[in-house]
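*Asks:* I have a structure I would like to understand better, so I am pasting it below and will then ask my questions one at a time.
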Ligand code: 5AD
Ligand code: SF4
């Protein structure tokens, strides 16, 4: 009897993906596996569940901070209580800022289903781990954490059960093999399956292992207002698009995060207005895997002409129509002159001159641009499928500096990509020396299964050489950053006070427009969340130090300077 119920559940779950095939493109892996981890036999046909699907009843779920209702519940759940009943959830977050934002989306969804948040691991009923797959080292860290958490779960008394869920990129990359490897895992949900979490969690509570790693063509969580973990934060991340179509040959992101899709502009502006006007947020960072590739093509949006940066090409057909990132950021900048705007992570191909001009024209858009180069060698860039040469990248940097004279730059670089010779690597060092970055994110190459590099190339640079090259990149970057940062000494900078310094209670810190951390002595004349004009007195390659001149509005500061 129990087995036939499991079979039915399994197929009904799978039916959801097919019934919604206009919205989803990947195979849904929403499988019920019973506790001895055997997948039930298939004894129904596609026809069986399509007939069931035709009668899908509508059920309304209201998400935190929105008026919109979603009819996403399939019929078998009518009798399963998806209410959290006050169960306590502990969140563990790894990886990028998108993950930080995603966990706030998850929390919003669970909060509106009567879950509570806890910061005490021992009292948690559910532990959800937001994971990262970008490099092998990121996954190793998470496996180590899992060993600790599953050990804890095993020791739990029967009357205090614990469910462990894996969310995000690792869930998407490894799918059911995660449960095969670690049987204490109860739930696996990919980046586009978070609205399904109340259902998945209810099923886990009832003793099932649950998986939903369906990727979507249109899920942007536009209708979910993320709930901030830190109520006192003065800055916030706002996700504006998801996914990536670039398919750089080393990168797992297009496989774990799916196709590019952008949130409609209205929902973005509404969220930012609420953050600024009702929650006191003074700085927003617009987020996306390919943030400046943003394109709102929703109904009623006028077409803005496509403007390609010379020397850049894409592996996909150039996107046309809709509203681009340049127009979006202008709308966001117009919300309030007292709201500072940053964005990450962009691709160099999507920096047309019109966007650079908008950035230069608005005092509240920070003049700090992340322009990830990845390598300084054109032949490595070609193998990476980045769509540009060293020369095209340098040409873009020249334009950026011409249009935004005081711009601060940051970049990502990878050492030891497939086939990288010492000569290729020297070109990376020379690019770092030539461009001079204020901030850099430097990584040794980590081969990821499924990627083009995995299929076509050999991971032939030995690990010790990757690390030795990484070390040289760090040195080269630091020498240049030290010189650049010293140029700030004696200048006046505007910083937004973020928090008390971790080293001393007598100091606070914030970031200047160029996104460099600035430490100043604390004072009763200003507090966290204030803009303060600061004179810079010393500099290292990582931080600036200074003394406060006056508390000031962003508008007044830029009027004076
Ligand atoms: N190995 C090392 N670094 C990687 N990145 C992406 N994929 C890999 C990989 N397989 C780096 C790139 C990217 C940043 C987010 O992570 O530099 O810009
Ligand atoms: Fe990965 Fe390239 Fe997309 Fe960035 S642009 S997420 S590096 S595929």
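*Asks:* Per the Debye formula with a single identical scatterer at each Cα and no solvent contribution, what log10 I(q)/I(0) holds for the chain at q = 0.10 Å⁻¹?
*Replies:* The computed values of log10 I(q)/I(0) come out as -0.92.
*Asks:* Further question: Angle between the Cα long axis of helix 97-111 and the longest principal axis of the chain, 0 to 90 degrees, nearest 10?
*Replies:* 40 degrees
*Asks:* Hey, could you grab the Kirkwood Rh for the stretch 235-486? Inverse mean 1/r over distinct alpha carbon pairs, Å, one decimal.
*Replies:* Working: mean 1/r = 0.0526 Å⁻¹.
Hydrodynamic radius (Kirkwood, Cα pairs) of the stretch 235-486 is 19.0 Å.
*Asks:* Please say if the stretch 168-326 is rounded, prolate or oblate, where rounded means a/c under 1.5 for a ≥ b ≥ c the square roots of the C-alpha gyration tensor eigenvalues, and otherwise the choice is prolate for a/b larger than b/c and oblate otherwise? Present the calculation step by step, with values, prior to reporting the outcome.
*Replies:* Values: a/c = 2.23, a/b = 1.33, b/c = 1.68.
Judged from the Cα gyration tensor, the stretch 168-326 comes out oblate (a/c at least 1.5, b/c at or above a/b).
*Asks:* Still on this structure: If contacts are Cα pairs under 8 angstrom and at least 6 residues apart, what is the relative contact order of the stretch 235-486 in percent? Before the final figure, lay out each step's value.
*Replies:* Values: 457 pairs, mean separation 45.7, N = 252.
Across the stretch 235-486, relative contact order equals 18 percent.
*Asks:* Label points 7 Å out from Cα along the Cβ direction at residue 279 and residue 523: separation in nm?
*Replies:* Here the answer is 3.0 nm between the modelled labels.
*Asks:* Given the convex hull of the Cα atoms of the stretch 469-561, what is a quarter of its surface area in nm²? Don't skip to the end; give the middle numbers.
*Replies:* Values: hull surface 25.4 nm².
Averaged projected hull area, Cα only: 6.4 nm².
*Asks:* Let me have the 222 nm mean residue ellipticity of the chain computed from DSSP H runs of 4+ only, each contributing -39500 (n - 2.57), with the sum over all residues rounded to the nearest 500. Mind showing how you got there, number by number?
*Replies:* On the way: 17 runs with 191 residues, N = 561.
Mean residue ellipticity, 222 nm, calculated: -10500 deg cm²/dmol.
*Asks:* How many nm is it between the label spots at residue 319 and residue 402, if each spot is 7 Å from the Cα in line with the beta carbon?
*Replies:* 2.7 nm
*Asks:* Here's a follow-up. Using the basic label-point model (7 angstrom from Cα toward the beta carbon), what is the residue 334 to residue 353 distance in nanometres?
*Replies:* 2.3 nm
*Asks:* Can you give the FRET efficiency for residue 122 and residue 499, using 1/(1 + (r/R0)^6), R0 = 25 Å, r = Cβ-Cβ distance, to the nearest 0.05?
*Replies:* On the way: r = 27 Å, r/R0 = 1.09.
The value I calculate is 0.40.
*Asks:* Under the classification rounded if a/c is under 1.5, otherwise prolate if a/b is larger than b/c and oblate if not, where does the stretch 108-158 fall, given a ≥ b ≥ c as square roots of the Cα gyration tensor eigenvalues?
*Replies:* Working: a/c = 3.17, a/b = 1.28, b/c = 2.47.
Taking the square roots of the gyration eigenvalues as a ≥ b ≥ c, the stretch 108-158 is oblate.
*Asks:* Follow-up question, since we're still on this one. Given R₀ = 30 Å, FRET efficiency for residue 465-residue 507 by Cβ-Cβ distance, to 0.05?
*Replies:* Numbers: r = 40 Å, r/R0 = 1.35.
The value I calculate is 0.15.
*Asks:* Next question. Report relative contact order for the chain in percent, whole number only (criteria: Cα-Cα under 8 Å, sequence separation at least 6).
*Replies:* On the way: 1123 pairs, mean separation 54.1, N = 561.
The normalised contact order for the chain reaches 10 percent.
*Asks:* From the Cα gyration tensor of the stretch 88-212, with a ≥ b ≥ c the square roots of its eigenvalues, which class applies: rounded if a/c is under 1.5, or else prolate if a/b is larger than b/c, or else oblate?
*Replies:* Working: a/c = 1.37, a/b = 1.12, b/c = 1.23.
Verdict is rounded for the stretch 88-212.
*Asks:* In nm, what is the difference between 0.36 nm times the number of residues separating residue 395 and residue 136 and their Cα-Cα distance?
*Replies:* Working: separation 259, 0.36 × 259 = 93.24 nm, distance 3.37 nm.
Contour length minus the Cα-Cα distance gives 89.9 nm.
*Asks:* OK, next. On full extension of the chain, what length is gained from residue 154 through residue 456, given 0.36 nm per residue of separation minus the C-alpha to C-alpha distance? Let's see the in-between values first.
*Replies:* On the way: separation 302, 0.36 × 302 = 108.72 nm, distance 4.25 nm.
Here the segment from residue 154 to residue 456 would lengthen by 104.5 nm.
*Asks:* When the scattering of the stretch 389-451 is computed by the Debye formula from its Cα atoms alone, each counted once and equally, what is log10 I(q)/I(0) at q = 0.13, 0.19, 0.22 Å⁻¹?
*Replies:* For the stretch 389-451 at q = 0.13, 0.19, 0.22 Å⁻¹, log10 I(q)/I(0) is -0.43, -0.83, -1.01.
*Asks:* Could you give the length gained by full extension between residue 561 and residue 436, i.e. 0.36 nm per residue of separation minus their alpha carbon distance, to one decimal place?
*Replies:* On the way: separation 125, 0.36 × 125 = 45.00 nm, distance 2.47 nm.
Separation in residues times 0.36 nm, less the Cα-Cα distance, equals 42.5 nm.
*Asks:* So if the hydrodynamic radius of the stretch 294-334 is defined as the Kirkwood radius over C-alpha pairs, what does Stokes-Einstein give as its diffusion coefficient at 10 °C and 1.306 mPa s, in µm² per second?
*Replies:* Details: Rh = 11.4 Å.
For the chosen part, D equals 140 µm²/s.
*Asks:* Report relative contact order for the stretch 420-561 in percent, whole number only (criteria: Cα-Cα under 8 Å, sequence separation at least 6).
*Replies:* Details: 218 pairs, mean separation 28.8, N = 142.
Relative contact order for the stretch 420-561 comes out at 20 percent.
*Asks:* Give the residues of the stretch 209-229 whose amide nitrogen is closer than 15 Å to a point set 7 Å from the Cα of residue 270 in the direction of its Cβ.
*Replies:* Backbone N within reach: 220-226.
Coordinate-derived values only; no laboratory data. For clarity, every value in this text was computed on a predicted model and none was experimentally measured. Every residue, glycine as well, gets a Cβ built from its backbone with ideal geometry; the counts of neighbours run over all protein chains shown.
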